[in-house]
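Here the structure comes first, spelled out in structure tokens, and everything after it is commentary.
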Protein chains: 2
Amino acid sequence: MRMEATTSPPSAAAAPQTRARDEGSPGEGAPLRFETEPGRYRHWKLSFEGAIARVAMDVDEEAPMRPGYQLKLNSYDLAVDIELADIVQRLRFEHPEVKAVVVTSAQPRIFCAGANIYMLGSSTHAFKVNFCKFTNETRLALEEACAESGQRYLAALNGVASGGGYELALACEEIFLCDDGSSAVSFPETPLLAVLPGTGGLTRLVDKRKVRRDIADVFSTLAEGVRGKRAQAWGLVDSAIPKSRFDQAVAQRAAELAASTPDREGPGVKLAPLEARREEKGDVSTSAYRHVSLRVDSAARTAEIRVLGPDGSGPSDAAGMRRAGADLWALRAFRELDDALLDLRFNHPAVGLVLLRTSGSPDAVRAADEALWANRDDWFVKEVLLHMRRVLKRLDLTARSVFALIEPGSCFAGSLFELALAADRSYMLDGGEDGAEPAAIALSALNFGPLVMSNGLTRLASRFLAAPERALALKEKTGLLSAEEALEEGLCTFTPDAMDWDDEVRLAIEERVSLSPDALTGMEASLRFCGPETMETKIFSRLSAWQNWIFQRPNAVGPRGALTVYGRPERPEFDWRRT
Amino acid sequence: MRMEATTSPPSAAAAPQTRARDEGSPGEGAPLRFETEPGRYRHWKLSFEGAIARVAMDVDEEAPMRPGYQLKLNSYDLAVDIELADIVQRLRFEHPEVKAVVVTSAQPRIFCAGANIYMLGSSTHAFKVNFCKFTNETRLALEEACAESGQRYLAALNGVASGGGYELALACEEIFLCDDGSSAVSFPETPLLAVLPGTGGLTRLVDKRKVRRDIADVFSTLAEGVRGKRAQAWGLVDSAIPKSRFDQAVAQRAAELAASTPDREGPGVKLAPLEARREEKGDVSTSAYRHVSLRVDSAARTAEIRVLGPDGSGPSDAAGMRRAGADLWALRAFRELDDALLDLRFNHPAVGLVLLRTSGSPDAVRAADEALWANRDDWFVKEVLLHMRRVLKRLDLTARSVFALIEPGSCFAGSLFELALAADRSYMLDGGEDGAEPAAIALSALNFGPLVMSNGLTRLASRFLAAPERALALKEKTGLLSAEEALEEGLCTFTPDAMDWDDEVRLAIEERVSLSPDALTGMEASLRFCGPETMETKIFSRLSAWQNWIFQRPNAVGPRGALTVYGRPERPEFDWRRT
């Protein structure tokens, strides 16, 4: 039995809000929000049949995220991708019974035409870059679900998959293409738009699917794409199947994928809304969640993210954690942090520096961490850990400077110490203030494995690349560490005392926000990811960095650039000099 | 005894020519040339003492490569770096007795101030990018000399090393800093110029020296840099030594490095001038070398590089190869190819597509290759192989589309088949034309190891990333391969027959040169380097791609950008939006 889980929302009020501040003058238009839920989906149809979920793209062309373009041919904008990200996330938490996910289209002859060109053409540079980053993160989350959560994605291309459409397919574990004489895969970006298929496509072509580079070259310049058996022979899809047998073959393969994947014991854990309370007073806007607060000072161009640690009363066994569900501190706090990071990225583009603070008991954080670690074989606990990992990766990839401020009363311990390790630098107050308990940090099992960065290393291993034994030796440091000890162990950058703290931190902040935002982005992207590169880091560095460059170039975005004139009668004009 | 090998040249006529076409209108100014020799150096002093060479930077501030700036404080431009590249190359071939190289400054209180800011500020984007690429290649060649040629570079910082100056030091195996209260290392680019230290510096900081990322962050925003013991404690230099003991400590360490390195039996092999004959007729300019020709059609925006294979009479033993010296086909042909690639990069920026052709006997190429491989333990033969590897890497990194055209009479075999593997695609004519011998390709030992790409893999291994066993199985293919066999083995892209050849190749060329140069650059950079990333590829992808982006941004190069207003009274103005 196939059950439609969702229908179109009853009113436009439920649609994602329509304008990023980035798109116009600051303050103009409603800010973008990233929370959604199945009842509000406008662009995807989700259905379930036993262990198999069907995710069908059915973009409402009349519901763009902001006015000015139509989402024809299953093309997408950020709002469409926010729904997809929500689907991938909820399938993992709410539907543990699902073991195979068929991604397909509910529209005739088109699977997905990729990111909407008119949306891109009319967006600011910063929005384009952030849009691509978000869609990349969504596709990586989908791949992580295949690799880690036993939810195997199968792309069923029942129509044309071009550009970002084919990139979505590439993120799936397998790709089936309908061999009907018209369904095709293509990367028309370079020949038609003078940009790259920048959502990981080129990297996945040669690094994930390992398509031969000369074939990838031909394919990536062939606007009309490749159909049927040729697509299969070139390794672009796993199977090209005649129309008459397509649905059956997809169903059979999905059943096989599901059958070869271990069960996860239900029931699922419902992800409740985060219910942020938002306020704006003068230059300062705040978002207060249960465990997280975001405070943006637009005049100072700084933001403070404060995370409250757990209260120590949390469950220590898997059954208790499942009962706590979305209220489990580790899940709730990191979901809130994720939402705050996205808010910051899209709605506060001029903020240059994020100050990370925590409040609470280091021991309570460590207890929560140890409970997670002890129960990591439980599927739900594992999902909580994977989610923390994804959120921390999102922080690593946030193009803002990040300082951690470690003060008395803070709880930079274990999973929350990862915030300090993710920061570009950290300041730790040495000694107490007015007799208060001095600041302390602490490590937990979560610092030594489950929360790896996108380079495949833990943040400690990345930090001590020169001396891996130092990272390992820290396992022996099971107590609270004072500022002096933290400095000695290389775990913080500066340790001013109470006398110097205010001035030193203030000067560091003032200096940081005075520097060129672009140079800092390039510098931080170079310093944050030392050591090995993975497909994931290659997507964000090599591919995205080139795409960012191209997104600046007159050949793409100038008055006669290809992106600008797309859909108009005139042809693009290029400056032929090669760089 | 210390012997000054060079003095300033007697007349300005010997100085590198002064204007890249890129800098003004096409055709204006003399083209840049990359050949030089010690008698013509203007900016470096080279001296020898037994196994130790001393390379002292002494930039002539009145001899910029083009008018408009002075090379104060040992700052450099392309002409200075062309001399350095020549030094590194000639030390390897002409001075096998050298086992340690001390890089220092002949000017008081300054080691090197890095790339000249006014030169950068007044250069086109394309020139800046090509300049950085060349300087990166030079530093990587220096590192290769340390790793492979037993010439160990020691940076003796007897003054301030800022920006590119410190990056040059980072390329050396060890760095000694004079602890005199004023000598310092610094990366002032981000705080002062709103760009990156883009010659590998940030990558080498965290990936080669493995400096902790938060310390690297602090250092890279500290315009005044770091001196003495602090530089040593932060891992920025290996040793900070009081002035009174500095020269002695450097001499002693150089002697130790030399003593711990195996001897290479002399005499050296003198690198003779290449003596290209250049001609220009209408839209077509040609450079004819002995074994290589470059033909640029500026109307069609294509270039043809043709390499003539050896005549089969070359030496088969090391002694014979040393006697042949710079006339050895493999050395001469690849030096010519290198010069042609640099000519193309800097003097013909509008060329979008390079057609690679060869003429000669595949068997003669294989014989030359096998002779090199059989004698690879000889230092000179090893240098020849390493040089071929560097030139092929330069081809991989050339931001132009590359097609290999494999026709009857060609000799894409062994080392010359690497040209076809480096190409974005290859066309091989299937069958003969008018009874001529049909085109054939062939492999040699050089395809299976010594000529690895910057990703650390052979071009065959990169090509067959999906099936490494296919690359290995090709070792059994010891004969000539026809077009049909080459296609079957995955060694060429297309095999039109004589009937289709002209049209198919013409159409492919026309299509390629019609596409956006920027999108192609980004696409090729993504498709050419599959598989692992190394420090070397990270420098060219992550770091350089971000630098290219920053070099486009108004915050650096706009009318009030930091690079533009540097040295003027006004302060830069930034668009604060972070991307």
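Within the stretch B:239-261, track down each residue that is in a helix (DSSP H, G or I) and either in contact with a strand residue (DSSP E or B) (Cβ under 7 Å, 6 or more places away or on another chain) or surrounded by 13 or more Cβ atoms within 10 Å (Cβ to Cβ) (or both). If the condition is that a residue be in a helix (DSSP H, G or I) and either in contact with a strand residue (DSSP E or B) (Cβ under 7 Å, 6 or more places away or on another chain) or surrounded by 13 or more Cβ atoms within 10 Å (Cβ to Cβ) (or both), then B:243, B:246, B:247, B:249, B:250, B:251, B:253, B:254, B:255, B:256, B:257, B:258 are the ones that fit. Has the stretch B:265-280 got at least one residue that is free of Cβ contacts under 8 Å to residues at least 40 places away in the same chain and surrounded by 15 or more Cβ atoms within 10 Å (Cβ to Cβ)? Taking every residue of the stretch B:265-280 in turn, none turns out to be free of Cβ contacts under 8 Å to residues at least 40 places away in the same chain and surrounded by 15 or more Cβ atoms within 10 Å (Cβ to Cβ). Looking only at the stretch A:513-525, count how many residues are more than 7 Å from chain B (Cβ to nearest Cβ), in contact (Cβ under 8 Å) with a residue 40 or more places away in the chain and of a type outside the set (Val, Ile, Thr). Looking only at that region, the number is 1.
Candidates are the residues of the stretch A:205-229 that are touching a residue at least 12 places away in the same chain (Cβ under 8 Å) and in contact with a Cys (Cβ under 8 Å, 6 or more places away or on another chain); the one that is surrounded by the most Cβ atoms within 10 Å (Cβ to Cβ) is A:207.
When you check residue B:415 against the structure, is it among the polar types (S, T, N, Q) and closer than 26 Å to residue B:320 by Cβ, yes or no? Against the criterion (among the polar types (S, T, N, Q) and closer than 26 Å to residue B:320 by Cβ), residue B:415 qualifies.
Looking only at residues in the stretch B:526-579 that are more than 7 Å from chain A (Cβ to nearest Cβ) and among the aliphatic types (A, V, I, L, M), the one that is farthest from residue A:347 (Cα to Cα) is B:535.
Out of the residues in the stretch B:146-182 that are farther than 25 Å from residue B:248 by Cβ and in contact (Cβ under 8 Å) with a residue 12 or more places away in the chain, state the one that is farthest from the chain's Cα centre (by Cα). That would be B:162. Taking the condition in contact (Cβ under 8 Å) with a residue 40 or more places away in the chain and either β-branched (Val, Ile, Thr) or in the same structural domain as residue B:406 (by TED's automatic domain parsing) (or both), does residue B:435 pass? It is false that residue B:435 is in contact (Cβ under 8 Å) with a residue 40 or more places away in the chain and either β-branched (Val, Ile, Thr) or in the same structural domain as residue B:406 (by TED's automatic domain parsing) (or both). The residues of the stretch A:440-472 that are modelled with pLDDT of 95 or more, away from chain B (no Cβ under 14 Å) and either surrounded by fewer than 16 Cβ atoms within 10 Å (Cβ to Cβ) or out of contact with any Phe, Trp or Tyr (no Cβ under 8 Å at 6 or more places or on another chain) (or both), listed by number, are A:440, A:448, A:449, A:451, A:452. Of note, residue A:435 does not satisfy the criterion of being at pLDDT 95 or above, out of contact with any Cys (no Cβ under 9 Å at 6 or more places or on another chain) and at positive phi. With respect to (1) closer than 25 Å to residue A:516 by Cα; (2) out of contact with any helix residue (DSSP H, G or I) (no Cβ under 7 Å at 6 or more places or on another chain), the lone exception for residue B:202 is condition (2). Annotation note: of B:420, B:404, the sole residue that is buried (at least 24 other Cβ atoms within 10 Å of the Cβ), within 14 Å of chain A (Cβ to nearest Cβ), assigned to a helix (DSSP H, G or I) and out of contact with any Gly (no Cβ under 6 Å at 6 or more places or on another chain) is B:420. Checked against (1) assigned to a loop (DSSP other than H, G, I, E, B); (2) touching a strand residue (DSSP E or B) at 6+ places or on another chain (Cβ under 9 Å), residue B:150 passes all but a single condition, namely (2). Restricted to the stretch A:473-492, and to residues there that are of a type in the set (Gly, Ala, Ser) and within 14 Å of chain B (Cβ to nearest Cβ), the residue that is surrounded by the most Cβ atoms within 10 Å (Cβ to Cβ) is A:486.
Just one of (1) outside any helix (DSSP H, G or I); (2) farther than 22 Å from residue B:178 by Cα; (3) of a type outside the set (Val, Ile, Thr) fails for residue B:236. It is (2). Condition check for residue A:87 on (1) modelled with pLDDT of 95 or more; (2) outside any loop (DSSP other than H, G, I, E, B); (3) of a type outside the set (Lys, Arg); (4) out of contact with any Leu (no Cβ under 8 Å at 6 or more places or on another chain): one failure, at (4).
Residues in the stretch B:175-188 include none that are assigned by TED's automatic domain parsing to the domain that holds residue B:149, touching a Pro at 6+ places or on another chain (Cβ under 6 Å) and in a helix (DSSP H, G or I).
If you go through the stretch B:151-188 and keep only what is within 14 Å of another protein chain (Cβ to nearest Cβ) and surrounded by fewer than 24 Cβ atoms within 10 Å (Cβ to Cβ), you end up with just B:188. For beta carbons closer than 7 Å, sequence separation of 6+ or different chains, a first residue in the stretch A:100-115 that is assigned by TED's automatic domain parsing to the domain that holds residue A:54 and a second that is polar (S, T, N, Q) and part of a loop (DSSP other than H, G, I, E, B), the qualifying pairs are A:101/A:151; A:104/A:158; A:105/A:158; A:109/A:182; A:111/A:158.
The single condition among (1) touching a Phe, Trp or Tyr at 6+ places or on another chain (Cβ under 6 Å); (2) facing chain A (nearest Cβ under 10 Å) that residue B:250 does not meet is (2).
Filtering the stretch B:205-228 to residues that are more than 7 Å from chain A (Cβ to nearest Cβ) and of a type in the set (Lys, Arg) leaves B:208, B:209, B:227. Restricting attention to the stretch A:189-204 and to residues that are more than 7 Å from chain B (Cβ to nearest Cβ) and among the hydrophobic types (A, V, I, L, M, F, W, C), the residue that is surrounded by the most Cβ atoms within 10 Å (Cβ to Cβ) turns out to be A:193.
Taking the criterion of being of a type in the set (Ser, Thr, Tyr) and under 15 Å from residue B:115 (Cα atoms), the residues of the stretch B:178-230 that qualify are B:186, B:190, B:199.
The values are calculated or read from the model by the stated rules, or taken from the named source; none is laboratory data. As the structure is a prediction and not an experimental result, all values here were calculated from the model. So basically every Cβ, Gly included, is an ideal-geometry build from the backbone, and we count neighbours across all protein chains shown.
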